[in-house]
Amino acid sequence: MAFVRKDLLGIRDLSSEEIQTILDTAESLREINLREIKKVPTLRGKTVVHLFYEPSTRTRTSFDVAAKRLSADTYSIATSTSSMVKGETFLDTIKNLEAMGPDVFVIRHSASGTPHRIAARTSASVINAGDGMHEHPSQALLDMLTIRQKRGRLEGLNVLIVGDIAHSRVARSNIWGLTKMGAHVTLCAPPTLLPAEAASLPVRVSHQLDTVLGAADVIMVLRLQKERQGQGLLPSLREYAVFYGLDRKKLEKARDDVLIMHPGPMNRGVEISPDVADGPHSVILDQVANGVAVRMALLYLLVHREVPPVRG
Amino acid sequence: MKQADLILQNARILDPERGLDTVGDVVIRHGILETVGSRAPSPEECPDLEVMDAGGKWVVPAWVDMHVHLREPGEEYKETIETGTAAAVAGGYGAVACMPNTRPVNDTAAVTDFIRRRARQEGYCRVYPVGAISKGLEGKELAEFGELRQAGAVAVSDDGRPVMDSLLMRRALEYAQAFDLVVISHAEDLHLAQGGLMNEGAVSTRLGLRGIPAASEAVMVARDLLLAELTGGTLHIAHVSTEASVRLIRDAKSRGVRVTCETAPHYFTLTDASLEGFDPVFKVNPPLRSQRDLEAVRQGLADGTIDVVATDHAPHSSLEKDTEFEYAANGMIGLESALPLVLQLIRDGIGGPLEILAKVTCNPARILGIPMGSLRAGTPAHLTLIDPEQEYVIDAGTFHSKARNCPFHGWPVKGRAILTIVDGVVRYPF
Ligand SMILES: [Zn+2]
């Protein structure tokens, strides 16, 4: 089966078949991560450039480990500022990097849509490692992989996403991915943290966590950035924690087998209490492990444009 | 410069100011319109006149764009008075009113004078400067309206920025009356719009771009209408883009408030769906709105609530535009793409030729109080010959503007200016 895409820019562009292919590929590559020598030669001679315009140790490390396990050469270019600041145009930067002859750019940028702009100007593959408030496709894929491992399916599951949806690229990618795979998504947040016209998304919306907790098979808790208070979106982090923070008491209303997820990094005590984060329902560490497998799958599929052969 | 001596035969003559729509000849002698509509004398009788067969094409008053940014002084790498006015005549315009957000700001007679002098020396069409409402566009103290008026300013505006201080806006609407100046409002509540990059709605939610709510415009339109009513001042609302603004202005007009308004071709042609590819060429302020807003703007054009189509021609170089969406500058050029889009309104049944053409000729001329926008015999010829049927693809690469930030590049369109005469002189073709 072929996977005919140059770039992976967002989940919204993908079909359910493509998502299925990525998850299946990740599942088959996961086995490599359990070997003693965690390395296969499949991307030998290929070059992966990590271009991170926004600090992110976790995602960058995860992509880097994934690329190295497939034997690719990797380079990291970290810059916290826009190219404008340096007086070099954005396109100059891309042209310079293009001269290195990379096969894949992995791009993280604080401005939504930047990976799309770069993808249109380079013959290399582009993987969006998170752009502004737009999408974070590899995160949604690893979330879906984790749920599928734990529940055996995605179809028909009720997934509750709680928190700062308005500013969350993780939420957007998960909304597209989960609904394409047949799950039902509910968003729960105070109205100031919901995006405009949230009803235009294929989701249900609630402002009361208590009323929607009970039906959830999966609860995804989003990070709440502390500056939301200063921006006037919340009266206080304390009040947020009282009404929207997931703690043991609220969890009593949830199903016994509910899965708790968090894309990290966590603000323990704000959106999630430490005992819930480390408790029996939490699959947060599985998410991290699956991150490497999903990113290996993406690199493999974009470079080879076909699924790996089935191992006997 | 050589004054035209010309007979345009067999033209469809459209003069919205007089409600004239007739087929006939136009005679221009030494740059003056001699006869309009009646049969011209035969060529043998006046061998000194060049004869051109218009073949049914339209002769209309030269278009007037009451909202452009010529970038001179200060940002000549984006546009100059020379290149901007070249773009204007190529697009069928005979006059433009240029906004004061130059460097330095046009908040003094000296800058107004400079612009007028450059326009006389290098311009291809008439240039009418708009002075600032506040010194330095800072929204704190009124600029010297009287001196600006004496130097040739035809209106005042802080365009590019709103006047956030309601008291200052009140004073502007009062004080401007002493000098018979219209106050042009860039209506935007900066608190509501804060940090926004595009229209707020389903598309901004999908794209993860911070939204600018339609209310950020309408709130200020409502305020300015109330202040116009309070002061009796003359108000013009620039670049109307939302349904609520149209509704508010319609209501105010029906109550006799002295208000006029404009919209731009991109607000009746494009929606925020254009931003799906994150191309900064579609980034503009006010932002491209929803389909519903677009339809309300078209309705406002149809029922006369919207008096004027202006381009808000805003040239930028690739430095400002070929960048991440978030960091790109707002603005689109419009002088060389507006004409076919305005004619499309006629084909779409928004209005007849006279009603639609009024919005680019006599209406802006009347609002600014300038002697343009009509085809009266005995006056200097300012006219445009339009081929309404010519089909072509817009190619920004061929524009006379220095800038290329045209959102309609590559669009197949119909209708083109083939001759522009300003002050009795053929200024286009060059
Ligand atoms: Zn403006």
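The values are calculated or read from the model by the stated rules, or taken from the named source; none is laboratory data. The structure presented is a predicted model; accordingly, all values stated were derived computationally and were not measured. So basically every Cβ, Gly included, is an ideal-geometry build from the backbone, and we count neighbours across all protein chains shown. All accessible areas refer to the heavy atoms of the entire protein, side chains included, with ligands and DNA or RNA removed. Shrake-Rupley method; radii C 1.70, N 1.55, O 1.52, S 1.80 Å.
List of remarks:
- Cα-Cα separations in the protein assembly as shown greater than 51 Å, expressed as whole percent: 26
- Highest-MSF residue in chain A out of A:Ala120, A:Ala216, A:Ala99 [GNM, Cα springs under 10 Å]: A:Ala99
- Cut-off 11 Å between beta-carbons: net charge of the residues surrounding B:Cys261, Lys and Arg +1, Asp and Glu -1: 0
- Per-residue surface analysis assigns B:Glu200 an accessible area of about 80 Å², computed on protein heavy atoms at 1.4 Å probe radius.
- Percent of beta bridges antiparallel (DSSP, the stretch B:62-368, rounded to nearest 5): 5
- Percent RCO, i.e. relative contact order, over chain B, from Cα pairs under 8 Å lying at least 6 residues apart: 20
- Sparse packing (at most 11 other Cβ atoms within 10 Å of the Cβ) combined with a DSSP loop state is found for the following trypsin sites (Lys or Arg not before Pro) in the stretch A:216-302: A:Lys226.
- Nearest-20 debye value, the stretch B:62-368 charge dipole, Cβ charges on Lys, Arg, Asp, Glu: 600
- Ordering B:Ile32, B:Ala244, B:Pro380 by Cα displacement along the dipole of chain B toward the positive end leaves B:Ala244 in first place; charges were set at the Cβ atoms of Lys, Arg (+1) and Asp, Glu (-1).
- Other residues within the sphere of radius under 13 Å centred on the Cβ of B:Asp423, judged by their own Cβ, net out at +4 (K and R +1, D and E -1).
- Sparse-neighbour loop sites [GluC sites (Glu not before Pro); the stretch A:212-252; at most 16 other C-beta within 10 Å; DSSP]: A:Glu252
- The stretch A:5-33 and the stretch B:279-349: distance between their alpha carbon centers, rounded to Å: 39
- B:Arg292 versus B:Thr22: modelled label distance in nm, points set 7 Å from Cα along the beta carbon direction: 4.8
- For the residues B:Arg347, B:Arg170, B:Arg416, a GNM of chain B with alpha-carbon springs under 10 Å puts the largest fluctuation on B:Arg347.
- If the convex hull is drawn through the Cα atoms of chain A, its volume per residue in Å³: 134
- Modelled this way, with points 7 Å down the Cα-to-C-beta line, the labels at A:Arg44 and B:Asp348 are 6.1 nm from one another.
- Charged-residue dipole, Cβ positions (Lys, Arg, Asp, Glu), the stretch A:137-288 about Cα centre, Debye nearest 20: 180
- Mean ellipticity per residue at 222 nm, deg cm²/dmol - from DSSP H runs of n ≥ 4 across chain B, formula -39500 (n - 2.57): -8000 deg cm²/dmol
- Fraction of accessible area attributable to carbon and sulfur, the stretch A:137-288 (%, probe 1.4 Å): 50
- Chain A, relative contact order in percent, only Cα pairs under 8 angstrom and at least six apart counted: 22
- Rounded percent of accessible protein surface that carbon and sulfur make up, the stretch B:62-368, 1.4 Å probe: 49
- Computed over protein heavy atoms with a 1.4 angstrom probe, the accessible surface ordering of A:Ile161, B:Ile350, largest first, is B:Ile350, A:Ile161.
- Among the trypsin sites (Lys or Arg not before Pro) in the stretch B:351-410, those located in a DSSP loop and surrounded by at most 16 other Cβ atoms within 10 Å of their own Cβ are B:Arg376.
- Note that chain B shows a convex hull volume over its alpha carbon atoms of 124 Å³ per residue.
- Candidates B:Leu275, B:Leu181, B:Leu288: whichever shows maximal mean-square fluctuation once chain B is modelled as a Gaussian network with Cα springs under 10 Å: B:Leu275
- If you plug the beta carbon distance of A:Tyr75 and A:Glu252 into 1/(1 + (r/R0)^6) with R0 = 41 Å, you get a FRET efficiency near 0.25.
- Between the stretch B:127-173 and the stretch A:101-129, the alpha-carbon center distance in angstrom: 44
- Counted charge near B:Ala151, where neighbours are those whose Cβ lies closer than 14 Å (Asp, Glu -1; Lys, Arg +1): +1
- Computed on protein heavy atoms with a 1.4 Å probe, the accessible areas place B:Asp113, B:Asp224 in the order B:Asp113, B:Asp224, largest first.
- Accessible surface ranking that places the most exposed of A:Ser236, A:Ser173 first, with a 1.4 angstrom probe: A:Ser236, A:Ser173
- A simple charge model with +1 on the Cβ of Lys and Arg, -1 on the Cβ of Asp and Glu and nothing else charged puts the dipole of the protein assembly as shown at about 2160 debye relative to its Cα centre.
- Using R0 = 30 Å, the C-beta based FRET efficiency linking A:Glu17 and B:Leu319 works out to 0.10.
- Candidate lysines for bridging to A:Lys6, where Cα separation is under 17 Å - those fewer than 8 sequence places away on the same chain excluded: A:Lys46
- Over the stretch A:137-288: Kirkwood hydrodynamic radius from C-alpha pairwise inverse distances, Å: 15.2
- Accessible surface calculations at 1.4 Å, restricted to protein heavy atoms, place chain B at 35 Å² per residue.
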